[in-house]
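Heads up: the structure comes next, in structure tokens.
The values are calculated or read from the model by the stated rules, or taken from the named source; none is laboratory data. Here the structure is a predicted model, which is why all the values come from computation and not from measurement. So basically every Cβ, Gly included, is an ideal-geometry build from the backbone, and we count neighbours across all protein chains shown.
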Amino acid sequence: MSAKGLEVIDHTVQQTHEWVNELTERLDWASHREALRLLRVTLHMLRDHLKLDESAQFAAQLPLLIRGMYYEGWVPKNTPVKQRHAAEFVAAIETQVDDVLDYRGPEDITTVFRLLNVKVSRGEVADVRSSLPGEIRALWPED
């Protein structure tokens, strides 16, 4: 029982901590804050490459707090972006995490996708992956 009777808030905070803790461990990074930043930035890039319906279906499977970060700053009329190449996708993420000492490049972005593979339903992951251009899809392993 929540001290304030707001179990939904307590639950999403707990889920978000679980996601960030697991990502930090998978990345082998020292900072949970930086792992959260990489997750947020990667989710934003992913969101901007999806059609409106697919984006909403994907977001529905995210914990409430992470879903809020996913939608933060979104301008639906500007999506999906026409960017087709993995190098551009990676570069756009790197401009926002370039000061993270532990960041190793595309392998860390792939680690975010591996986390999504275990946190989001297999069917939704398959739908989202199939919506991405081939080069970007290659960053997201099927397992």
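Below are the figures for this structure:
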{"item": "Subset tally (residues that are within 19 Å of residue 71 (Cβ to Cβ) and over 13 Å from the mean Cα position of the chain (by Cα)) for segment 21-55", "result": "4"}
{"item": "Single residue of 114, 37, 104 found to be over 19 Å from residue 15 (Cβ atoms), out of contact with any strand residue (DSSP E or B) (no Cβ under 6 Å at 6 or more places or on another chain) and either touching a residue at least 40 places away in the same chain (Cβ under 8 Å) or charged (D, E, K, R) (or both)", "result": "104"}
{"item": "Search result, residues across segment 118-134 that are surrounded by fewer than 17 Cβ atoms within 10 Å (Cβ to Cβ) and either modelled with pLDDT under 95 or assigned to a helix (DSSP H, G or I) (or both)", "result": "118, 122, 123, 124, 126, 127, 130, 134"}
{"item": "Hey, residue 34 surrounded by 17 or more Cβ atoms within 10 Å (Cβ to Cβ), farther than 22 Å from residue 143 by Cβ and charged (D, E, K, R) or not", "result": "yes"}
{"item": "Pair list, Cβ < 7 Å and 6+ apart or interchain, from segment 49-64 residues that are of a type in the set (S, T, N, Q) to residues that are outside any loop (DSSP other than H, G, I, E, B) and buried (at least 18 other Cβ atoms within 10 Å of the Cβ)", "result": "55/47"}
{"item": "Filter result for residue 73 (loosely packed, with under 13 Cβ neighbours inside 10 Å, over 18 Å from residue 131 (Cβ atoms) and without any contact (Cβ under 8 Å) to a residue 40 or more places away in the chain)", "result": "yes"}
{"item": "Number of the exception - residue 121 against (1) small (Gly, Ala, Ser); (2) without any contact (Cβ under 8 Å) to a residue 60 or more places away in the chain; (3) farther than 14 Å from residue 40 by Cα", "result": "(2)"}
{"item": "Among the candidates 19, 29, residue that is touching a Pro at 6+ places or on another chain (Cβ under 9 Å) and touching a residue at least 40 places away in the same chain (Cβ under 8 Å)", "result": "19"}
